[in-house]
Structures are given as structure tokens and as C-alpha cells.
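These notes concern the structure reproduced below.
Laboratory data are not the source of any read-out in this text; all were calculated from the coordinates shown. Please read all numbers here as calculations on a predicted model, not as lab measurements. Reconstructed Cβ throughout: ideal geometry from the backbone, glycine too, with neighbour counts over all protein chains shown.
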Amino acid sequence: MKRSSLLLFTLILIISLPFCSLAQISTAKTTQIGKDTYVKLSDVKKALGFDYKKTSTNSITITKKGSNKDLINNVTQSVVAIIGEDKKTNSEIVNDYYYSKIPAGLMHGSGVIVSKDGRIITNNHVVENMKEIYVVLYNNKSYKANLLYRNTDLDLAIIKINCTNLKPIEFEKTENINAGDEVIAIGTPLYFGWSNSVSKGIISGLNRPVEETYTFLQTDASINPGNSGGPLINMDGKLVGINTLGIEGFQGINFSIPVENVEYFIKHYNNYGKVKRCYTGLEFEESWLALVGIPSNQGLKIIGLKDDSIFPKEQIQEGDILESIDQTPITSIAVYNEFLKKKLPGQTIKLSISRGLAKITVSAKLKDYPETSSKAQTDLKETKPASNQNAK
């Protein structure tokens, strides 16, 4: 009897182990009202993995989340492949052969549909050197695209195809994006025939400064040349970023433009026809702590004032330290740019500056950033549009 009981217990334990290993522990805040305990439905949703929709004042509709296959089949309808001829390539060479040789000068990337009427977001570096832009949808239908606008500093561009009833991707809210979240990258890496390839990983970090411009999402999902412009999505199928670059010679360290910056880009284009980036005319040097990524409260050293600066030279001197703007601490050039992103030309800002032991406050109105701007080059490589010569 004892032997059979032990065998039965062992059998139950063996059968239950796989299920126990899959269990995840989640915590949620509760509210006590009388004898009843209430939990936020959003917390339960996250723990149990389902979706819900409020259908009336007193009822909701609950749907179980589908598999990864269902997720990819749904989102891939919003993902496109982009191909075109490099402006820098001699057209006679490109048009020489079509079948016996791979045409030289072809380049490609990825994009994501953001409106039913054919608007597509991609990276600036995907399309800036293309003579003509062609888009291929998930169903292999192809369209010639028009470049509506591109911005070098944000590395984003918006193009449009003559097609309607498309499936735009849904954007995730910034506050719902966290380090450790599972994500999926979709795009066309290396070879155009590999369109809508999928790789999975996690968000490795938030607010990563890259190239002293804006902050990025870091992910270990594979991002290769040709993936640029494609979406990074979460497990709800919502856009969290646009895949952009990786570090040459290393694996699992890749970066995506956060959805917040994508929304900023689209909003400014819709409202003003361009990104109304603010300009001060100040030139900065970061502390070595910021350069190596050590958290600090060190401000930015002002190393120059351009002739068109919004501040007169009698107010600001080279060597001054910018401590804060409108009481927001400024500890890196990326933080400085992210702050100005929330402002518009014509608005007034107040700078707090230290000069030796003296503390100085100066104010001025922001103005439009000059149209000609250049992006600093570092050892970070952009996942540039893949050429056929790079395909393996």
C-alpha cells in the first residue's frame, strides 16, 4: 500500500513539474472595501495573459491572447519591405544585366504602415539615397512610393503608396514599455527574399543615449542590415520602436527608436509639415562620467556660442556649466535634446548656469533649428539598407 501510494505521488509530481515550471509569480496592488478585495483588471490581464474590452457600463468582453503565430500573422500585414536603386551608382551598370548577374546598386530596408491610406514610417537612412522607392507588402503586391518627409537627426522618414484599406500598426503607450519586456523584431535582413523575417528578444534597457542625439531602446532581438525601419513590437502586437542600429562586432546589442519619438515625428509632420526642432546655438561638451555612462549630476560644459545663438555673448561665456533648463537637470547632450523635443520655437526657456562659484540665470526664446544639420559619426554602425553584394 505504501509502495503504491509512493508511486502514485511520484507520478503526480512528474506530471505536474512541467506545468509548475511554466508558472509565473505576479503581484498586484489591492484595494480593500469592507470585506471585499479589489484588484486592477489591468494587473490581472498582465498576470494571466488575456485582453478585455469594455462593452458597456457594467460589462466587459474578455478574449484570450493568441499564439506567437497568430500575433505574427496579424502584425506582419502592417510590415513592408522597401527597395530602390542607390543614387550613387552608375545607372548603366545597374541596368546592364537582370538575370545573369545581380544588379549592382540595389539597396533595401523595412518599414511599417501607420495609416490606412498608405503612409509608411521607415528610417531616413533607408530612403535618403534611393532614386526611386518601391514598397512590397506582405501579400507580395508592390507599389512605387513617394517620399513625403525625412529627418536626419531623428533618422525617420515618412513615405506613401497609392493604396487604401491597409492595416496600420497600433502604437504602445510609453508608460507600458519596460526593461525585460519580451519583444519581436520584424523586417527584411540582408537579402530581399527574406522579407518579414522574425527575431525575438527582450528590451534590454530604456533611454540609452546613442550618438549624442536622442535616447533609444536597447534590445537583444537580432537587428541586421535591411532590418532598419522595421517594427519592434511587444507581445500585444503593438509598436514599441523602429529598429535602427547595432554595434559593429558585437551581438545582442541593438537599438530602436522609441515609439515616443515616432509619435513626435508624425505629430510634427501632420501639424507643421516638418519637425520643428528647437535651436539655442550653444555647443556642449559632456563630462567624462556621461561619456562612459556613469550616473552623475554633472552639467554640460559650454564650449562655444554660434553667431546665430539665441543668447548674447555677454550673458554666456565659454567654460560655463549648464546645470538645468526650467529646473530640469541636464546631464548629457541626449537629455538636452530630449528636453528640447518637448518645446516649440517661440517658447521661452530659463537656463541655470554655474560660472565658478557664481550661479547665473538667463532666459531667451527658442527658434527653429537650421535646415542644414549634420549627424556625428561614431563607431556605432547603422543597419543600413542591405545591398545585394552584402547578401549571403
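Observations, loosely collected:
- Equivalent ellipsoid of region 278-368: semi-axes from √(5λ) of the C-alpha gyration tensor, largest first, are 19, 16, 12 Å.
- Multiplying the residue separation of I360 and Q251 by 0.36 nm and removing their Cα-Cα distance gives an extension gain of 34.7 nm.
- Each Cα pair of region 131-267 feeds into the Kirkwood radius, which the Stokes-Einstein equation turns, at 10 °C and 1.306 mPa s, into a diffusion coefficient of 102 µm²/s.
- Loop-located GluC sites (Glu not before Pro) in region 175-250 (DSSP state not H, G, I, E or B) with no more than 15 neighbouring Cβ atoms inside 10 Å: E248.
- The calculated FRET efficiency for the pair N270 and N176, based on their C-beta separation and a Förster distance of 22 Å, comes to about 0.40.
- Placing a pseudo-label 7 Å from each Cα along the Cα-to-Cβ vector at K87 and K367 gives an inter-label distance of 2.8 nm.
- Residues V198, V112, ranked from the fewest to the most other C-beta atoms within 10 Å, line up as V198, V112.
- For region 310-334, the residues whose amide N sits under 18 Å from a probe point set 7 Å from the Cα of L291 along the beta carbon direction are 319-322, 331-334.
- Taking the fewest neighbouring Cβ atoms within 10 Å as the starting point, the ordered list for I242, I330, I325 is I325, I330, I242.
- For W288, W194, order by how many other beta-carbon atoms lie within 10 Å, fewest first: W288, W194
- From phi via Karplus (6.51, -1.76, 1.60), per-residue ³J(HN,Hα) for region 272-277 in Hz, x at Gly/Pro: 10, x, 6, 7, 8, 6
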